[in-house]
Amino acid sequence: MVRKLKRFKDKFPEIPDTGEMKKIIFHSILSYLSKQNGHVSKMEIKDVLFDSISLIPGFRVEWGEIQKFGKSKLLVNYKDKLLVLDLEEISNMILRLWDHYLDTHPNHKAR
């Protein structure tokens with residue numbers, strides 16, 4: 001006798017809430033940077049992005065293998081869909097903005 005597995009419906013919508021995604025990522029980055037006193041590394045920014053994307057409901061996140069996907073690629077899975085996200089440009093832009101902030105606010109202190 002062969003049994004068919006019942007497919008279950010998960011509680012996540014077909015398309016994730018982009019507003020919620022933006023809030024989670026933005027808040028995570030600001031929260032991390034507000035605690036820093038000085039420059040941060042590109043890897044720290046990539047780790048913050050990894051952690052913040054992992055907080056989005058329904059998202060499964062892992063680093064892509066360098067041999068298959070290249071350097072700094074994040075694999076984001078949502079409802080049997082896969083996104084390969086290149087964190088290089090994103091992390092570079094965040095670092096430029098942070099460095100610009102530090103240059104224009106020399107008295108910045110960690111809270």
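The values are calculated or read from the model by the stated rules, or taken from the named source; none is laboratory data. Everything numeric in this text was worked out from a predicted model, so none of it was measured. Here Cβ is always computed from backbone atoms with ideal geometry, including for glycine, and neighbour counts include all displayed protein chains. When the accessible area is computed, the model is the full protein with side chains, heavy atoms only, and any ligands, DNA or RNA have been set aside. Shrake-Rupley method; radii C 1.70, N 1.55, O 1.52, S 1.80 Å.
Numbers for the structure displayed
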read-out: Residues within region 72-111 that are under 14 Å from residue 50 (Cα atoms) and either in a loop (DSSP other than H, G, I, E, B) or polar (S, T, N, Q) (or both), tallied; value: 3
read-out: Cross-chain or 6+ apart pairs with Cβ under 7 Å, region 63-80 first and on the phi > 0 side of the Ramachandran plot, then surrounded by fewer than 15 Cβ atoms within 10 Å (Cβ to Cβ) and part of a helix (DSSP H, G or I); value: 72/88
read-out: Subset of region 81-100 (residues that are within 25 Å of residue 33 (Cβ to Cβ) and either touching a residue at least 60 places away in the same chain (Cβ under 8 Å) or among the hydrophobic types (A, V, I, L, M, F, W, C) (or both)); value: 83, 85, 87, 90, 93, 94, 95, 97, 98, 99
read-out: Restricting region 64-103 to residues that are hydroxyl-bearing (Ser, Thr, Tyr) and open to solvent by less than 70 Å² (accessible area, probe 1.4 Å), the residue that is farthest from residue 47 (Cα to Cα); value: 78
read-out: Residue match in region 21-37 (condition: open to solvent by 70 Å² or more (accessible area, probe 1.4 Å), part of a loop (DSSP other than H, G, I, E, B) and modelled with pLDDT under 95); value: yes
read-out: Within region 44-62, considering residues that are without any contact (Cβ under 8 Å) to a residue 40 or more places away in the chain and open to solvent by 30 Å² or more (accessible area, probe 1.4 Å), the one farthest from residue 16 (Cα to Cα); value: 44
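Per-residue answers, yes or no, for (1) outside any strand (DSSP E or B); (2) under 30 Å from residue 106 (Cα atoms); (3) modelled with pLDDT of 95 or more:
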residue	(1), (2), (3)
44	yes, yes, yes
47	yes, yes, yes
51	yes, yes, yes
58	yes, no, no
61	no, no, yes
